[in-house]
1. If you go through the stretch 93-115, how many residues are assigned to a helix (DSSP H, G or I), under 19 Å from residue 83 (Cβ atoms) and within 24 Å of the chain's Cα centre (by Cα)?
2. Checking the structure you have, find out if any residue of the stretch 188-205 is in contact with a strand residue (DSSP E or B) (Cβ under 9 Å, 6 or more places away or on another chain), more than 16 Å from the ligand (Cβ to nearest atom) and farther than 22 Å from residue 282 by Cβ.
3. List, please: which pairs have Cβ atoms under 7 Å, are six or more places apart or on different chains, and start with a residue in the stretch 118-142 that is modelled with pLDDT under 95 and end with one that is outside any helix (DSSP H, G or I) and more than 16 Å from the ligand (Cβ to nearest atom)?
4. If a residue has to be surrounded by 21 or more Cβ atoms within 10 Å (Cβ to Cβ) and under 16 Å from residue 239 (Cβ atoms) to count, how many in the stretch 250-277 make the cut?
5. Taking the criterion of being away from the ligand (no atom under 16 Å from the Cβ) and either crowded, with 18+ Cβ neighbours inside 10 Å or more than 30 Å from residue 288 (Cα to Cα) (or both), would at least one residue in the stretch 9-25 satisfy it?
6. Taking residue 212, is it surrounded by 14 or more Cβ atoms within 10 Å (Cβ to Cβ), away from the ligand (no atom under 14 Å from the Cβ) and farther than 20 Å from residue 55 by Cβ?
7. Residues 266, 262, 217, 212: which one is assigned to a helix (DSSP H, G or I), more than 18 Å from the chain's Cα centre (by Cα) and modelled with pLDDT of 95 or more?
8. Within the stretch 133-156, can one find any residue that is assigned to a helix (DSSP H, G or I) and within 18 Å of residue 209 (Cα to Cα)?
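The values are calculated or read from the model by the stated rules, or taken from the named source; none is laboratory data. Predicted model only: the values in this text are computed from it and were never measured. All Cβ positions, glycine included, derive from the backbone under ideal geometry; neighbour counts span all protein chains shown.
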Ligand SMILES: NC(=O)c1ccc[n+]([C@@H]2O[C@H](COP(=O)([O-])OP(=O)(O)OC[C@H]3O[C@@H](n4cnc5c(N)ncnc54)[C@H](OP(=O)(O)O)[C@@H]3O)[C@@H](O)[C@H]2O)c1
């Protein structure tokens with residue numbers, strides 16, 4: 001009897017240890033200096049590395065641009081709002097010795113996606129693409145049956161189709177160079193069902209599985225992939241029309257759930273090459289893990305109670 005009790009105690013301790021490791025180890029990785037930035041810097045030996053960032057006119061994308069410019073990256077900034085991109089490009093070129101170009105494109109439009117993919121291929125062939133950040137995205141508010149279908153198809157194009165296309169355009173040259181990084185910005189929303197955000201949650205789940213499978217295919221090639229899963233982040237995301245119209249207010253959620261775009265970016269870049277799935281912030285990892293361990297019906301019931309919209 002005592003033997004059985006001891007066995008259960010060991011199993012409990014091992015499970016507890018694994019849980020603590022799963023929650024705390026990423027915190028250590030995300031706070032350590034970026035292995036990826038350092039390795040690219042060394043490979044370039046004084047020349048500027050290059051990154052293309054989609055959704056760079058605001059929020060997390062703009063924070064990536066500022067951080068990478070500070071690290072000496074030349075940048076291609078993609079989004080729809082030219083004035084925003086040009087202003088950011090001017091700011092970064094003024095502050096750092098880097099070259100920054102704006103690329104105006106609507107990733108819900110397949111012609112624009114093809115044009116952007118062509119530019120990615122050209123950059124790769126010239127040996128001028130080190131990092132691709134598929135970050136552009138948006139949310140909608142409401143039940144799938146009530147939302148305009150086009151808004152959901154656009155979301156599929158921006159989150160999924162554009163990421164697939166640009167990633168496919170970047171890979172051949174990265175594989176030839178045996179070097180490169182691809183960050184796909186998913187969300188903690190990709191970890192559980194979200195009534196009122198069905199397409200959002202499903203497209204973000206796609207990005208997580210796609211990134212993990214792709215990284216497994218790319219093992220040993222020198223090219224690394226990351227699914228970045230931020231939780232609630234200060235940006236323009238929740239100021240945009242569907243959220244404004246729904247009466248969404250940030251203060252309805254406890255302050256500790258919010259991170260700045262800069263915190264998310266730092267965690268992502270530090271983890272790139274070391275963690276395929278990067279969930280910035282201990283609180284977000286606790287929420288994701290709890291969501292994984294909780295029966296789906298209960299997750300749905302809890303979400304109905306706590307959903308901020
Ligand atoms: N904020 C959060 O709480 C949160 C949480 C988890 C995940 N995320 C994800 O993080 C990513 C960045 O979002 P954010 O929070 O930084 O929001 P944001 O401040 O609203 O920025 C979104 C960016 O995506 C661009 N974009 C949107 N639709 C586009 C389109 N059709 N074509 C090209 N660019 C488009 C926007 O630029 P233009 O409007 O100029 O085109 C903007 O630069 C998104 O993928 C989002 O799903 C955000």
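1. Summing the residues that are assigned to a helix (DSSP H, G or I), under 19 Å from residue 83 (Cβ atoms) and within 24 Å of the chain's Cα centre (by Cα) in the stretch 93-115 gives 1.
2. no
3. Hits for this filter: 128/50.
4. Residues meeting the conditions: 1.
5. Taking every residue of the stretch 9-25 in turn, none turns out to be away from the ligand (no atom under 16 Å from the Cβ) and either crowded, with 18+ Cβ neighbours inside 10 Å or more than 30 Å from residue 288 (Cα to Cα) (or both).
6. For residue 212, the condition - surrounded by 14 or more Cβ atoms within 10 Å (Cβ to Cβ), away from the ligand (no atom under 14 Å from the Cβ) and farther than 20 Å from residue 55 by Cβ - is met.
7. Of the residues listed, the single one that is assigned to a helix (DSSP H, G or I), more than 18 Å from the chain's Cα centre (by Cα) and modelled with pLDDT of 95 or more is 217.
8. Yes: one or more hits.
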